[in-house]
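What follows is a single structure, written as structure tokens, with notes after it.
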Amino acid sequence: MKVAIIGGGAAGMSAASRVKALKPEWEVSVFEATSFVSHAPCGIPYAIEFDFGSEELMYYKPEVFVKERGIDLHLNAKVVEVDYGKLRVEENGKEKTYEWDKLLIATGASPKVPKIEGVDLENVFTVDLPPDADRIRRAAKEAENVVIIGAGYIGVEMAEAFSAINKKVTVIEFLDRPLANFDREISNIVKEEMEKKVELKLEESVEAIEGKDKVEKVVTNKGEYKADLVILATGVKPNVELAKQLGVELGETGAIKTNSKMETNVENVYAAGDCAETINLVTKKPAWIPLAPAGNKMGYVAGVNMAGGNIEFPGVVGTQITKFYDLQIGKTGLTEEEAKKEGFNVKSAFIQANTKVHYYPGAKKTFIKAVKDADTNRILGAQIAGYEMVTMRVNVFATAIQAGFTTRDLFFADLAYAPPFTPIWDPVIVAARVLKF
């Protein structure tokens, strides 16, 4: 049996490893267009901030997959055409054809590049793959003025990275606040924190990036900003071109439509990772949430099923987290705005609490916005901004939402307590109490 996997990122390598573990006699080939596998693009901002090389962004080196797991790994191998049972690959300057019996499409996602003048100038970058980290690091050594276009996760993280290495940073955002996928109470906290470290230009649209050879300035509808280096952080899109060649159906999100076994509409063809959509467990509707934890699990599920197993990927609640300096910001489930759009009868609560008892040194503020369905008391979502233990509390909410908890269920959750770690009424419990049941 010949298994071909297009893409050597998290989903692709997770699937390849699983197939080979379950069916060691099968031939498992992975085709990766770059020289990196099992990579972590989410680490690129920290490679800039802490000055380490792109090789550190691989969880496992290629030799692990080849020598220890027996995977036939093709690096710098770009798949240019897919037919049923065959792949055409550009590899080492030559074009080769490979046969397959089962195929996994794990082609990931790519940055959206705005259609404006100057995006191809030198020192204008997207944040996508590990080699980008090296290119940006080299350019940053000579740069003084950095402009970041977009204030989503990548924009916020890159703003910290450049500010931390003493660059003058300007962040330009089309919307009226950073991290606009959060409700306003939380994103306003982010806004206040960012304004202490960087120039934040909101409700501005970029019209052009200008320079002779290298970038020199960014022009918006409200002004001009000097720039030695520009980061385009304007979102991502699923890579689905190869899937379309094979007649694979796309979902309503624009990503590849799969069932819970990661199977597509084409027999023996699977999809996983950032190119595939899944189900939002709160709305029960298709969702495209390109994040690493789900991508790894989708790859695992695809690998098991390709090898003849029977396991299902249930979906996601959209748990995510980032930071700007000491401020940690996380969310899970639906925001109040999203819940209203989905037709829920929404009740929300916004609380401020301390992370420890008042007499224990080092207590920090934390802010929680929690959302419930007023008809059933089911928890729909939560957002947290704070200075410690945000991950833990977001994960408590995520688990509660995935389990279908009501506010009563969460209020009576038996959470750990000791003065160095949390107040007797943990902020999560306080939020459940304020939401009422």
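Please treat every number below as a calculation from the coordinates, not as lab data. The structure presented is a predicted model; accordingly, all values stated were derived computationally and were not measured. Note: ideal-geometry Cβ built from the backbone for every residue, glycine included; neighbour counts use all protein chains shown.
Some notes on this structure:
- Within the range 113-232, antiparallel bridges make up roughly 30 percent of the DSSP beta bridges whose residues both belong there.
- Using Cβ point charges alone (K and R +1, D and E -1), the dipole size of the chain about the Cα centre works out to roughly 1180 debye.
- Other residues within the sphere of radius under 11 Å centred on the Cβ of N354, judged by their own Cβ, net out at +1 (K and R +1, D and E -1).
- Cα centroid of the range 257-321 to Cα centroid of the range 213-233, whole Å: 38 Å
- DSSP-loop GluC sites (Glu not before Pro) across the range 295-382, with at most 13 other Cβ within 10 angstrom: E312
- Reachable lysines, given that their alpha-carbon falls under 16 Å from the alpha-carbon of K112 and they are not under 8 places away in the same chain: K237
- 15 Å beta-carbon shell around P419, net charge (K/R +1, D/E -1): 0
- Residues H74, H39, H358, sorted so that the one with the fewest Cβ neighbours within 10 Å comes first: H358, H74, H39
- The Cα-based radius of gyration of the range 113-232, divided by its Kirkwood radius, gives an Rg/Rh of 0.94.
- Cβ-defined net charge surrounding Y325, 10 Å radius [Lys, Arg +1; Asp, Glu -1]: 0
- Taking the range 326-435 and dividing mean pair separation by its residue count, relative contact order in percent (alpha carbons under 8 Å, at least six apart): 32 percent
- Of K167/K217; K86/K244; K2/K86; K261/K284; K331/K356; K20/K257, pairs whose Cα-Cα distance is over 19 Å: K331/K356; K20/K257
- Orientation-averaged projected area, Cα convex hull of the range 326-435 (nm²): 6.2 nm²
- Dipole magnitude of the range 189-235, debye to nearest 20 (Cβ charges: Lys/Arg +1, Asp/Glu -1, about Cα centre): 100 debye
- Gyration tensor verdict on the range 279-339 (Cα atoms; rounded if a/c is under 1.5, prolate if a/b is larger than b/c, oblate otherwise): oblate
- Normalised by the number of residues in the range 170-234, the mean separation of alpha-carbon contacts (under 8 Å, six or more apart) gives a relative contact order of 27 percent.
- Averaging the sequence gap over all C-alpha pairs within less than 8 Å and six or more residues apart, then dividing by the number of residues, gives the chain a relative contact order of 14 percent.
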